Amino acid sequence: MAFNEKLFSEQLAQLVATPSVSCTNPKLDMGNRGVIDLLANWLSDMGFAIDIQEVDGNPDKANLIATLGTANPLHGKGGLVFSGHADTVPYDDKRWSHDPFTLHIENNRAYGLGATDMKGFFPAVFAAVQPFLQSDLKEPIIIVATADEETSMSGARALLNHPVPKARYGIVGEPTGMQPIRMHKGIGMEAIKVRGQAGHSSNPALGNNALDAMHDVITELKQFRLGLQQRYRNAGFVIDVPTLNLGCIHGGDNPNRICGHCELEFDLRTLPGMGLDDLRQEIDILLANVADKYHIHIERDSLFAGTEAFNQPIDSPLIEAVERLTKMNADSVAFATEAPFLQKMGMDVVVMGPGSIDQAHQPDEYIDLAQVPVAVNVLQGLIKQFCL
């Protein structure tokens, strides 16, 4: 069956027109239920069994699990999952050349918020599945759409408590230009709060300066970062060491007052084999030493639970299949995805989808339409190998 670009564009236009911004700022945050319901209606019409699961008890946030076929109990290899997130990042419409929620096609590019990251993956999967709707599937085809990947990954976390039907292989369709990705770094985001005592700056004894203590905190973190980079290295990544970025700092309120409060936020990007909780414990020990030195209160809060690093062994049948079908070697990326959560459910996983991550999270986001039929052919090859 030939790729139907008109149908792809029509479906993508409806997805783009359905806002689903995920943001840590409650004023900008919105649900993804409109996208989930739209996908569910299409998939139901295609014959998929539909399961919509609310996330964190919020009726506006949901995961979708759509299943075609059932697992074969005779050999029990499990099915093939196509997984993507149904949310987008926020936007500044003043920086867009066109309405972010109206799909605009020009020079074989489809422009719109989420067009490449990653609403475009879903109609590509629909096109890939279409020829197999009446096939005698030996293993199920499962399509998953999640909530809040762009912020907390709470949707993917919820799948661990309400798992998808038994599956052996998973495709996370983030935009990689169809380059198979078998490794990515993990990420944690932390806040350190130092609470001192304000006072008149003419006499340091009248207070306890939070900025002085934070200076030592930063020094300790920089030494900690250096130590991590000496301990851990992975030649499979362009940046082959873990990174710790001091992102923003706020403190005090006036030059002639002893600073009573200071807060630092940073991110930590880990390599496979590094556990976020273990690293947080190491940081807490460093902070306790500074707190004792200055007789000051210091606390660390995780801004979200974090995402562990991802590593799919190269000898996986899935990696062999995607390398053969794409004619590209599996590689690594620095950004994080939902792949580790699928892996925790027992799947071999690869990150691979049409579009470019370079177009994500910026004005005039677009997906290159020339990549879509290529993606459809690869996804069909996976269905033939793992489901028929």
If you add up the charges near Q53, with Lys and Arg at +1 and Asp and Glu at -1, over every other residue whose beta carbon is less than 14 angstrom from its beta carbon, what do you get? -3
Unsatisfied cross-links (Cα-Cα over 21 Å) in the set K222/K344; K27/K94; K119/K166; K27/K193; K138/K166: K222/K344; K119/K166; K27/K193
Checking the a/c ratio against 1.5 first, then a/b against b/c, what shape does the Cα gyration tensor give for segment 1-142? oblate
So, over other residues within a Cβ distance under 11 Å of P175, counting Lys, Arg +1 and Asp, Glu -1, the net charge is -4
Determine the relative contact order of the chain: mean sequence separation of Cα pairs under 8 Å and six or more apart, normalised by residue count, in whole percent. 24
Nonlocal amide H pairs with S20, under 5 Å, H built at 1.01 Å: T88
Electrostatic dipole magnitude of the chain [Cβ: Lys, Arg +1; Asp, Glu -1; Cα centre; debye, to 20]: 660
Could you please state, rounded to a whole Å, how far the C-alpha centre of segment 70-142 is from the C-alpha centre of segment 308-361? 16
Residues C387, C248, C23, sorted so that the one with the fewest Cβ neighbours within 10 Å comes first: C248, C23, C387
Helix-only mean residue ellipticity at 222 nm for the chain, each DSSP H run of n ≥ 4 adding -39500 (n - 2.57), per residue, nearest 500: -9500 deg cm²/dmol
Going by how many other Cβ atoms sit within 10 Å of their own, how do V333, V172 line up, fewest first? V333, V172
Can you order the peptides 119-132, 26-39 by their average number of other Cβ atoms within 10 Å per residue, highest first? 119-132, 26-39
What is the Cα centroid distance between segment 237-305 and segment 2-34, reported in whole angstrom? 36
Only Cα pairs within less than 10 Å get springs; with that Gaussian network setup on the chain, which residue of R225, R280, R95 has the largest fluctuation? R95
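Assuming a ≥ b ≥ c are the square roots of the Cα gyration tensor eigenvalues, decide whether the chain counts as rounded (a/c under 1.5), prolate (otherwise, with a/b larger than b/c) or oblate.
It comes out prolate by the Cα gyration axes.
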Note on segment 1-122: contact order normalised by length, alpha-carbon pairs under 8 Å, 6 or more apart, percent, works out to 27
Neighbour-count order for H215, H295, H104, fewest beta carbons within 10 angstrom listed first: H295, H215, H104
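Values quoted throughout were computed directly from the atomic coordinates according to the rules given, and no laboratory measurement underlies them. Small disclaimer: the values here were computed from a predicted structure and weren't measured. Positions of Cβ are backbone-derived with ideal geometry, glycine not excepted, and every protein chain shown enters the neighbour counts.
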